[in-house]
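The structure under discussion appears below in the form of structure tokens.
The values are calculated or read from the model by the stated rules, or taken from the named source; none is laboratory data. On a predicted model such as this, the values are computed, not experimentally measured, just so you know. Positions of Cβ are backbone-derived with ideal geometry, glycine not excepted, and every protein chain shown enters the neighbour counts.
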């Protein structure tokens, strides 16, 4: 093995590490005692904020610090470790130790191990990044059939979004808590749902790395850990059509031709997901007279290559269900059965080519229908390129709607009609009732408050009227009792 030269082949850095003291048996340290901005760390209650404080961070007074154990550490960085295949940047490896000798020995062991065995799993682990750990984890889960291919694709999209940031592509042992906090803070303009996905993926990567000994400390478990920030956006509530909007939509569909008409009405009158409707087969439907039901057994999904396919199961386990048809739904289903044409997928709704429709195609058509019906019309800018004008933008009208609103509208009408939330859960095929409560609970609360106000007000008005009409008689009886 060649002789390595400090400064050329590797560099050595000394830094200070701070860990929370188990017992607070010391008086307040001089640095904190003289601090005039303790509101920054909530009067020293938030330790992670104390570490971000410049005065506290630079303090190395281990003899008097009452909050942290302070001790020096050394980091040796190997500068000649090839280049990354993706970015072609220098692939630097870091080795930490309580002493310089310990860190150097770790580096030498690594070099020797690579020279004898090549990059084994052990040495590859030291190159592991947040992105590579997440990708490996999701790939293993989909191979073991723990998750569906469609779920795998969604998770990989989340990982790809995180991978656009530099910290996610460096060895995970080099990622700092501040880098993670800064990233999460920068994402607060996005929805809470998006932030939750990013936070969960990063946290899971560190849990895996910690469990496999790739990192010695998990920043999510040190002190107060890394908290998930709240979005600047308010959480979106269920967006359903009003009774008037629903009437406008159904009247428009009655008077205008559309190959998607029956699909949209089934969604509106049954609460089924569009993917479930597009995967329906005639054999799933049972109608006798004016009474009928649908056996929901499958849905459209995506395979591991992101191609839309007909799945062999529904979105959730509870998605496998039987829906009793309402009087509004029966004639729509009957008409769909009458118009059914044999096709290679044996689906109720098919294109002239024999292929099935996709939920994206139906959603795009639905927006045009709603725009033409005058429902929630919006103006958007569209980028165009021409030889005369070059790059320019033109305004075009669209509709701020989507097909899932039909499912929400059905659920809202059910709630307004007095259907219990437990029954609604079964109809919609939610995995558990918590999903139903989180999605529609506020509508139940609103209706309960409305009913309380109406009944309470009516009761008080009626009793006040009785008291006013009979006041003199009540007063006479009261005086007799005295």
- Do we have any residue at all in the range 257-274 that's surrounded by 17 or more Cβ atoms within 10 Å (Cβ to Cβ) and in contact with a strand residue (DSSP E or B) (Cβ under 7 Å, 6 or more places away or on another chain)? yes
- Scanning the range 357-375 for residues that are in contact (Cβ under 8 Å) with a residue 60 or more places away in the chain, in a helix (DSSP H, G or I) and under 26 Å from the mean Cα position of the chain (by Cα), which turns out surrounded by the fewest Cβ atoms within 10 Å (Cβ to Cβ)? 363
- Message: residue 153 - would you say it is at pLDDT 85 or above and assigned by the TED database to the domain that holds residue 200?
- Response: yes
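Which residue out of 429, 418, 390 is at positive phi and modelled with pLDDT of 90 or more? Full working, then the answer.
Numbers: 418 fails: modelled with pLDDT of 90 or more; 390 fails: modelled with pLDDT of 90 or more.
Step by step, each of 429, 418, 390 is checked, and only 429 is at positive phi and modelled with pLDDT of 90 or more.
Would you confirm, using the coordinates I've provided, whether residue 224 is touching a helix residue (DSSP H, G or I) at 6+ places or on another chain (Cβ under 7 Å) and modelled with pLDDT under 95?
On the way: touching a helix residue (DSSP H, G or I) at 6+ places or on another chain (Cβ under 7 Å): yes; modelled with pLDDT under 95: yes.
Judged against the criteria, residue 224 is a match.
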- Working only within the range 426-437, note down all residues that are in a helix (DSSP H, G or I) and surrounded by 13 or more Cβ atoms within 10 Å (Cβ to Cβ). 426, 427, 428, 433, 435, 436, 437
- Item | Residue in the range 65-73 that is under 37 Å from the mean Cα position of the chain (by Cα) and modelled with pLDDT of 65 or more present | yes
- Unmet criterion (only one of (1) surrounded by fewer than 20 Cβ atoms within 10 Å (Cβ to Cβ); (2) modelled with pLDDT under 90; (3) not assigned by the TED database to the domain that holds residue 364) for residue 423: (2)
- Query: Looking at residue 119, is it in a loop (DSSP other than H, G, I, E, B) and modelled with pLDDT under 80?
  - Reply: yes
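Specify the residue that is modelled with the highest pLDDT; the eligible residues are those in the range 6-23 that are surrounded by fewer than 10 Cβ atoms within 10 Å (Cβ to Cβ) and on the phi < 0 side of the Ramachandran plot. Working first, answer last.
In the first step, residues of the range 6-23 are kept if they are surrounded by fewer than 10 Cβ atoms within 10 Å (Cβ to Cβ); the result is 7-8, 15, 22-23.
Filter again for on the phi < 0 side of the Ramachandran plot, leaving 8, 15, 22-23.
Values: 8: 81, 15: 77, 22: 75, 23: 74.
So, considering only residues that are surrounded by fewer than 10 Cβ atoms within 10 Å (Cβ to Cβ) and on the phi < 0 side of the Ramachandran plot, the one modelled with the highest pLDDT is 8.
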- Would you pick out the residues in the range 330-350 that are more than 35 Å from the chain's Cα centre (by Cα), in contact (Cβ under 8 Å) with a residue 60 or more places away in the chain and either part of a loop (DSSP other than H, G, I, E, B) or outside the structural domain of residue 263 (by the TED database) (or both)? none
